[in-house]
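Reading through the structure tokens given below for one structure.
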Amino acid sequence: MSSKTTVVTDEINEYLQDKFGAPEEILDAINKIASVKGMPTIHISKHQAKYMQFMLKSINAKYVLEIGSLAGYSAIAMASALPEGGKLIAVELNPDYADLIRKNAEKAGVADKIEVVCQDARQFVENFKAEHPLDFIFIDADKQSYYHYLTALTPHLRSGGIFAADNAFAFGFLLEASPERDPEEIKSVKSFNEAFASSDEYFVTLAPVGDGLIMGLKK
């Protein structure tokens, strides 16, 4: 055993992606399409995709909400882990990206499980009325709004459900005094982490997966 987290070297990271990553074919195709279209080349890793699939299956998740979907990489990975009749709502602001998610979901064979909503996420959560209590919520959007999403969506998450937010390590700048990225963005991530960790409504942990995945189990 070890009292410290083992540093993930490039070699260990390659091992994780190769041996414990989500199936490659469809997800690789999504990345290539996004690159050709000039979209931001940002998405969760294959290992994180598999990790989230594991979490979904472990709580028998059926209803999922994702805020911030880009080309649909994480949405499709999660939808692939849902049972028959499962549903994932993917909220994406850019209409071109939203259309691409629909096309990618069709190619991946999960179009029946994904509903794409092209709308500003803050507006969406303020007016959201869930048809079913949500089992899992994944946030990977504007960091300054993370806490707003948490407070607005918590009432829609069932007890025993999970609220998860990406980039909890703030792109590696979480503890930097002079980060190379927008200082306000980094400050927002740190503030959210601390507020979420102290929540009375959740049992919270931060998994060192990808850029950090902070997760709370609703009590």
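General remarks:
- Within the stretch 62-74, the set of residues being open to solvent by less than 10 Å² (accessible area, probe 1.4 Å) and modelled with pLDDT of 95 or more comprises V64, L65, E66, I67.
- The single condition among (1) without any contact (Cβ under 8 Å) to a residue 12 or more places away in the chain; (2) part of a loop (DSSP other than H, G, I, E, B) that L82 does not meet is (1).
- Test: residue in the stretch 95-104 that is outside any helix (DSSP H, G or I), of a type outside the set (D, E) and touching a residue at least 12 places away in the same chain (Cβ under 8 Å): no
- Residues (within 20 Å of V125 (Cβ to Cβ) and either basic (K, R) or in contact with a helix residue (DSSP H, G or I) (Cβ under 9 Å, 6 or more places away or on another chain) (or both)) located in the stretch 63-78: V64, L65, E66, I67, G68, S69, L70, G72, S74, A75, M78
- Test: residue in the stretch 156-169 that is surrounded by fewer than 17 Cβ atoms within 10 Å (Cβ to Cβ) and not in a strand (DSSP E or B): no
- Taken over the stretch 105-131, the criterion of being open to solvent by 20 Å² or more (accessible area, probe 1.4 Å), part of a helix (DSSP H, G or I) and aliphatic (A, V, I, L, M) is satisfied by A108, A111.
- Scanning the stretch 132-155 for residues that are open to solvent by 50 Å² or more (accessible area, probe 1.4 Å) and either of a type in the set (A, V, I, L, M) or assigned to a helix (DSSP H, G or I) (or both) turns up Q144, Y147, T151, P155.
- Whichever residue in the stretch 14-57 is in contact with a strand residue (DSSP E or B) (Cβ under 9 Å, 6 or more places away or on another chain) and modelled with pLDDT of 90 or more and, among such residues, is most open to solvent (accessible area, probe 1.4 Å): Y51
- Taking the stretch 181-219 as the range and being surrounded by fewer than 16 Cβ atoms within 10 Å (Cβ to Cβ), out of contact with any helix residue (DSSP H, G or I) (no Cβ under 8 Å at 6 or more places or on another chain) and either under 15 Å from K143 (Cβ atoms) or in contact (Cβ under 8 Å) with a residue 60 or more places away in the chain (or both) as the test, the residues that pass are D182, P183, K187, E194, P208, K219.
The values are calculated or read from the model by the stated rules, or taken from the named source; none is laboratory data. Predicted model, so just to flag it, every value in this text is computed and none were measured. In this analysis, Cβ positions are derived from the backbone assuming ideal geometry, glycine residues included, and neighbour counts consider all displayed protein chains. These area figures cover heavy atoms from the full protein model, side chains too; ligands, DNA and RNA do not enter into them. Shrake-Rupley method; radii C 1.70, N 1.55, O 1.52, S 1.80 Å.
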